[in-house]
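This report concerns only the one structure given below.
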Amino acid sequence: MSKILFGLVGIALISSCTRPGSLYNGGQRIANCVTSEPFEVPVQEGCATYVMYGQDTVAIVTQPMTIQIPKGMKVSTKGSTGDEISIEYEVLNDTDAKIAYNKSWQAIMFEDTRSGDYDYNDLIIHVRNLHSWNKLQIDIQPIALGSQKVIKLGCVIGNDKSEHIISEDVRKDLFGGEKGFINTQSDLQPVCYSLERRLDHELEKGKDEYASIAWFIEVDDNRYFAINADAEYSDYDLLNEEGMPYGLVVYGLNGSHGTFAYAEEKISLFEAYPDFKSWINGEVVTFGKYADKKMIYKYNYEKIPGTTKRIWDWQ
């Protein structure tokens, strides 16, 4: 099965003079920043249901299962046109066969402090989740590190509320001990990292539904969660005093290389993506396009010298 590929998704944050301020509804703000939505996969007796995006397999099930798909993504039963998810059925030779498979990709990005510069490149990782019955596998491709602090990375798996520390120090464990800012300044040589297995987890028996994952970092004894469909507002610390997220999970599908066009070091996403103010306030459902290509880390879209790949292409 081929990968589900993330789209080139832009995220825009508001400039300092137009930040949301203290008047906001926390629950609604979080809902606005979620980039996926639940989808109940339909089933037919004696068949396996294939959820497809082009040639990419999103899920295979033989019984009802709820998965996450990109927010606003169209679903068709007449075959995919390339910009929507399609549902296909295959007759089973063994009518008693039970299948529950789901694969998803996420681009996850964090600020490393309660009041940051909102470039959201203090830590960026590319994550692949593979869920088959009661087993969950998590693969991570390190992308960027725009922080000098010691960052701990972990997640909480909602199926059994188990907590897992992926790394006590991401610079050491994920980025090979490389010094300085990594892949956030276009005038410096980029460093390429491959996708690697970071967690094998057996889920609670009898619960084969979608395995939710809430990602967090710990910095200076503070824990910050990224906003996604898997993190309940009442359970986790997701917003700072300005009502801005500590981290975002970008979920999407696209026929490209599955990239997130993040900003250069110290360039706020408020500046880089003018439409974010409308998005974070729920006025639009898409993030819009970046204002100026020079504000974006160039190896999101340019090939790395001496290679045929961009920074996200080492899967």
- Message: Can you tell me which of (1) modelled with pLDDT of 85 or more; (2) more than 30 Å from Phe270 (Cα to Cα); (3) in contact with a strand residue (DSSP E or B) (Cβ under 6 Å, 6 or more places away or on another chain) is the one Thr35 doesn't meet?
- Response: (2)
- Task: For the stretch 149-168, state whether one or more residues are closer than 22 Å to Tyr297 by Cα, of a type in the set (A, V, I, L, M), outside any loop (DSSP other than H, G, I, E, B) and out of contact with any Leu (no Cβ under 7 Å at 6 or more places or on another chain).
- Result: no
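Okay, residues lined up against (1) among the acidic types (Asp, Glu); (2) in contact with a Leu (Cβ under 7 Å, 6 or more places away or on another chain):
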{"residue": "Met65", "(1), (2)": "no, no"}
{"residue": "Glu90", "(1), (2)": "yes, no"}
{"residue": "Asp94", "(1), (2)": "yes, no"}
{"residue": "Tyr101", "(1), (2)": "no, no"}
{"residue": "Gln106", "(1), (2)": "no, no"}
{"residue": "Glu111", "(1), (2)": "yes, no"}
{"residue": "Arg114", "(1), (2)": "no, no"}
{"residue": "Tyr118", "(1), (2)": "no, yes"}
- Query: When you go through Ser115, Ser147, Ser104 one by one, which is the residue that is among the small types (Gly, Ala, Ser), crowded, with 21+ Cβ neighbours inside 10 Å and closer than 27 Å to Ser268 by Cβ?
  - Reply: Ser147
- For the stretch 219-244, which residues satisfy the criterion of being in contact with a Phe, Trp or Tyr (Cβ under 8 Å, 6 or more places away or on another chain), surrounded by fewer than 16 Cβ atoms within 10 Å (Cβ to Cβ) and farther than 12 Å from Thr113 by Cα? Asp237
- Being of a type outside the set (Lys, Arg), surrounded by 17 or more Cβ atoms within 10 Å (Cβ to Cβ) and touching a helix residue (DSSP H, G or I) at 6+ places or on another chain (Cβ under 7 Å), is that true of even one residue in the stretch 128-142? no
- Task: Could you please give the count of residues in the stretch 94-113 that are out of contact with any strand residue (DSSP E or B) (no Cβ under 6 Å at 6 or more places or on another chain) and either modelled with pLDDT of 90 or more or within 30 Å of Met244 (Cα to Cα) (or both)?
- Result: 2
- Message: If Ser86 meets every condition in (1) of a type in the set (Gly, Ala, Ser); (2) in contact with a Ser or Thr (Cβ under 7 Å, 6 or more places away or on another chain); (3) at pLDDT below 90 apart from one, which number is that one?
- Response: (3)
- Assuming Ser212 fulfils every condition listed in (1) under 17 Å from the mean Cα position of the chain (by Cα); (2) polar (S, T, N, Q); (3) loosely packed, with under 14 Cβ neighbours inside 10 Å apart from one, which condition is it? (3)
- Note on the structure: Contact list, first residue from the stretch 233-252 and assigned by TED's automatic domain parsing to the domain that holds Asn25 and aromatic (Phe, Trp, Tyr), second anywhere and assigned to a loop (DSSP other than H, G, I, E, B) and buried (at least 16 other Cβ atoms within 10 Å of the Cβ), beta-carbon distance below 6 Å, six or more apart or interchain, is Tyr246/Glu111; Tyr251/Thr35
- Lone unmet requirement of (1) among the basic types (Lys, Arg); (2) in contact with a Leu (Cβ under 9 Å, 6 or more places away or on another chain); (3) assigned to a loop (DSSP other than H, G, I, E, B) for Arg128: (3)
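The values are calculated or read from the model by the stated rules, or taken from the named source; none is laboratory data. Model, not experiment: these values are computed from the prediction. In this analysis, Cβ positions are derived from the backbone assuming ideal geometry, glycine residues included, and neighbour counts consider all displayed protein chains.
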